[in-house]
1. Between residue 261 and residue 288, what FRET efficiency follows from the Cβ-Cβ distance if R0 is 30 Å, with the result rounded to 0.05?
2. Computed from the mean reciprocal separation of all distinct C-alpha pairs, what Kirkwood hydrodynamic radius does the chain have, in Å?
3. Could you give the angle, 0 to 90 degrees to the nearest 10, between helix 110-131's Cα long axis and the longest principal axis of the Cα atoms of the chain?
4. I'd like the per residue volume of the convex hull spanned by the Cα atoms of the range 505-565, given in cubic angstrom.
5. For a label point 7 angstrom out from the Cα of residue 43 toward its Cβ, which stretches of the range 389-408 have the backbone nitrogen within less than 19 Å?
6. What distance in nm lies between label points placed 7 Å from Cα along the C-beta direction at residue 471 and residue 280?
7. Rg and Dmax of the range 158-246 over Cα atoms: what are they, in angstrom?
8. Give the angle, between 0 and 90 degrees and rounded to the nearest 10, that separates the Cα long axis of helix 42-64 from the longest principal axis of the Cα atoms of the chain.
Amino acid sequence: MAGCLKFSKKEGKSDEFEECSTTLDGTVDKHGKPAIRDRTGQWVAGFIILLNQGLATLAFFGVGVNLVLFLTRVLQQDNAEAANNVSKWTGTVYIFSLVGAFLSDSYWGRYKTCAVFQLIFVLGLALLSLASNLFLLKPNGCGDRTTKCQPHSGWEVWFFYIAIYLIALGNGGYQPNIATFGADQFDEEDPREGLSKVAFFSYFYLALNLGSLFSNTILGYFEDEGLWALGFWASTASAFAALVLFLCGTSRYRHFKPSGNPLSRFSQVIVAAVKKSRVEMPLSGEENLYNGSNKESYGRKMLHSHGFKFLDRAAYISSRDSDDQQKGVHNRWQLCPVSQVEEVKCILRLLPIWLCTILYSVVFTQMASLFVEQGATMNCKISNFQIPPASMSSFDIVSVAIFIFLYRRVLDPIVARIKKTSSRGLTELQRMGVGLVIAILAMLSAGIVECYRLKYAKKDCMHCEGSSSLSVFWQVPQYALIGASEVFMYVGQLEFFNAQAPDGLKSFGSALCMTSISLGNYVSSLLVTMVVKISTEDHMPGWIPRNLNKGHLDRFYFLLAGLTAIDLVVYVACARWYKSIKVETTAVGDNQDVHV
């Protein structure tokens, strides 16, 4: 075991040296030296990152959870336009996750990337708060249920969009890296820390949801009452506190060094394979493949796998390559190590699984748009207290917390006993499949509630907020089911992509989770646009009109349930086809194949 010698003096005893072990996964400390296990990382750093995530999430959802109401009440957009704009903005948040992942894996490393994008996040929130104070909320007190805001000039609207898209850039670039950076604090080559690393993702998602709980309740209430500026300034303060806390943990963090531009590595494999497309290879010639040295791999070396045989040509040592090696020449565009080829294979295997998660995100995004608009038309009163429709998502958060506990403490051990294994219950892929099933139930529940809401609604209302006598608490099952599905889908997704991404692309693995949410929002926006266009032909009000009492939102929910059911069938086929990566490891045990 690698180690260091620490000189110590103890009273009454002779001078002595004691050995302190370093991590086995290649992480380094802030000085670039091998990370000492007891002085860096583990749960001390993990808790700092979890608290940072909670505060940053509070700040983000302080804007995001009520954005659809801000657009309809303050900027006077109709329901479909506001829902589309929220979907596009949320989608852009997660598109920016690819930017953050690329900079992190290639050049900056995860620590610097997190710090820079958190600073941009704070700047965007401060600009939004200033804009709300100075010119968006005129007259004072507008933006509640009754007081309309005055029309805004073009530059005021543009200033608003610049601010919220700076928030999107900051949060998007930060999110995939903070999840992976937290996982970096645990050495998966060590059995004890490896278990902690798996647990970290559940607690990370729990911190994310607990952080949004304050936004969905307290901040959501203030914003629903028209106190938008107060809510935005509270979000700014929370984001600033998160940044300060993150910087305070600097000396404790473990780091992976960035591995350089992955695009060039991918291109080299493709070009080398194409160049050798006419070279005859032996049927089973793994001994003729170039394994390369440890210095040529990014992290742990990946072992050769079957499948995508054409790419193996990039690692095949031809006669020309043998001559070049004798001359001491190595051209990466002609000959690539097996580990580099496996990087490309790994990403190609992940893509079908990733594509199948996009439609789930279409279901998830309804919680921030159409669920809120649906709730706003229901009876939101308890005695004289008005419940903000967006605060109903707190039931999603409570559901997430309950199901994380139930899964880790109850379901996982039961499944492990049934499978007669000591380490795990359901695999990540199996959990993601369960998440899709629960998502179908959530959409069916939302559709049934909408049918009853319409039954008790006033069709000819002018201001349709609260126009249905059906209580908003009938939405609880659909929010709770979405929360349960998140525990299985998104936590499983985080674990899966982090575990299956190559060492040099861990942030990219987390970014895949974020990007599926992004594309889900864009697909949702496209679906809403198509449904509105098709359903409003022949002067019909359509499924999602400005007055939901004249529409058929239930049909849209049932459509999503049907599409998700089709997606589930495709997902099961892709999950059965998938083969997990295998890497050289210094710890006991190898990666297991993942099956559904």
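Only the coordinates and a few stated rules stand behind these numbers; no lab work does. Every value quoted in this text rests on a predicted model; they were computed, and no experiment measured them. Don't worry about glycine lacking a Cβ; one is built from the backbone with ideal geometry, like all the others, and counts go over all protein chains shown.
1. Numbers: r = 29 Å, r/R0 = 0.95.
It comes to 0.55.
2. On the way: mean 1/r = 0.0387 Å⁻¹.
Averaging 1/r across every pair of different Cα atoms and inverting gives 25.8 Å.
3. 20
4. Details: hull volume 5.4 nm³, N = 61.
In the range 505-565, the Cα convex hull volume per residue is 89 Å³.
5. Hits in the range 389-408 for residue 43 at 19 Å: 404-408.
6. With each label point 7 Å from Cα toward Cβ, the separation is 7.9 nm.
7. Every Cα atom of the range 158-246 included, Rg and Dmax give 16.6, 52 Å.
8. 30
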